[in-house]
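The values are calculated or read from the model by the stated rules, or taken from the named source; none is laboratory data. Fair warning: this is a prediction, and the values are worked out from it, not measured in the lab. Positions of Cβ are backbone-derived with ideal geometry, glycine not excepted, and every protein chain shown enters the neighbour counts. To get the accessible areas, we keep the full protein, side chains included, count just its heavy atoms, and leave off ligands, DNA and RNA. Shrake-Rupley method; radii C 1.70, N 1.55, O 1.52, S 1.80 Å.
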Amino acid sequence: MSPTPSEQKAHIWLRDEDRSTERRTALTPKNAKLLIENGFTVTVEKSSKRVCANEEYEAVGCSLAEPRSWVDAPKDTVILGLKELAETPDALPHRMIHFAHIYKDQTGWQKEMARFVKGEGLLYDIEFLTNENGRRVAAFGYWAGWMGAALGAFRLLERRAGRNEITKGVSPFESQEAIIDKLKALADEGEGTLPTAIVVGAKGRSGTGASECLEAIGMKVTKWDIEETRILDRRTLLSHDMMVNCVLMFGPGLLLTNKTHLAAEGTNMKVISDVSCDPFSDFNPLPIYDAPTSWEDPVIEVAKNGSGDAVEVTSIDNLPSLLPAQAAEEFSDQFVTSLLRFDDGIEWENAKAKFEEIRSKADL
């Protein structure tokens, strides 16, 4: 039964992601069906890379559209995505929902904000869709932490097994179990005890995922959070073989390490997985690299430690796309509750207020 005009809700347009390595989605077919049943109109751009097939959306009542046709959609259409937009068009007239990464003084934030100002559009940044307690209504944090720890552990165990040349290229995995099996097999190749790891920001979603991954392969994990970083014992921090950083910074105040610290006598750090991945921000607690690493080059050497061993960093900024099916399903199940009350809930009010705050700061 079609909804009556009084029941008609927003037109949600799920865009194809501009980034070639983005396989996740904010809206699975199951939850698109739920929106339609509750009076929303849902259009889905065809995608050759999205983990959910185009036919699955069509089967539940979504209209299909060509990739990037959202740019010509009616102004009152709500454009839904995950990651940042391509550089065109230069004016954005729609209400848009995605992770923009422009609210913490990242490089290029004013230029991106100017597109919304020019088009008179509005950004609901998913990172700032928060409830009355300030907690995000939906996040990929667990999967980012889990996958970041897995990539860091893989590189560390490679080195332990005598494979010093950095492996090129990563691609999506089918399951957590497949990754754990691969890591355990690699651990069996080396001799002696397993390396030690420290997870910073261990009590959050990302930190929980990172710790659970490392513990699943038998690594000893030190867990630090606010209490342990308030007065930082950097010598203890850098005595570990591996660090997973899951701290999300919104202002200055935390420096985990720099290249001078890493080179100091007694430093044992070999691999750093920077799950938070904010190298363009002035608040970055790991100023040891200049840009995220990529699927093609997931690990880079940034320094030498106190023993002369390489210190390597992995910092991919869409880690959950390496486990796209599980990550997308969990995120969409969290997020659909908020989409069902678009744009009438406190999370939408909070995100709009944040947009207005940053737009004012940009002085455009």
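Could you name every one of the strands (runs of 3 or more DSSP E) located completely within the stretch 50-140 that has at least 2 residues being open to solvent by less than 10 Å² (accessible area, probe 1.4 Å)?
Those strands (runs of 3 or more DSSP E) span 78-80, 95-98, 122-125.
Please work out which one of (1) open to solvent by 40 Å² or more (accessible area, probe 1.4 Å); (2) in a loop (DSSP other than H, G, I, E, B); (3) in contact (Cβ under 8 Å) with a residue 24 or more places away in the chain is the condition GLU301 fails and give its number.
(2)
Among the helices (runs of 4 or more DSSP H) lying completely within the stretch 194-250, list those that include at least 1 residues that are within 22 Å of GLY162 (Cα to Cα).
In the stretch 194-250, the matching helices (runs of 4 or more DSSP H) lie at 205-216.
What residue, of PHE154, PHE116, is modelled with pLDDT of 95 or more, more than 30 Å from ILE36 (Cβ to Cβ) and among the hydrophobic types (A, V, I, L, M, F, W, C)?
Details: PHE116 fails: more than 30 Å from ILE36 (Cβ to Cβ).
So the residue among PHE154, PHE116 that is modelled with pLDDT of 95 or more, more than 30 Å from ILE36 (Cβ to Cβ) and among the hydrophobic types (A, V, I, L, M, F, W, C) is PHE154.
Of the residues THR257, THR236, which is surrounded by fewer than 22 Cβ atoms within 10 Å (Cβ to Cβ) and at pLDDT 95 or above?
THR236
Is there any pair linking a residue in the stretch 346-358 that is over 13 Å from GLY134 (Cα atoms) to one that is buried (at least 18 other Cβ atoms within 10 Å of the Cβ) and β-branched (Val, Ile, Thr), with Cβ under 9 Å and at least six apart or on different chains, and which?
Partner pairs satisfying both residue conditions: ILE358/ILE102.
Are any residues in the stretch 304-319 more than 20 Å from LYS83 (Cα to Cα) and in a loop (DSSP other than H, G, I, E, B), and if so, which ones?
Matches in the stretch 304-319: ASN305, GLY306, SER307, GLY308, ASP309.
Test of understanding: among SER307, SER321, which residue is surrounded by fewer than 18 Cβ atoms within 10 Å (Cβ to Cβ) and polar (S, T, N, Q)?
Exactly one residue qualifies, and that residue is SER307.
Tell me whether the stretch 168-176 contains one or more residues that are open to solvent by less than 10 Å² (accessible area, probe 1.4 Å), under 24 Å from LEU322 (Cα atoms) and not aromatic (Phe, Trp, Tyr).
no
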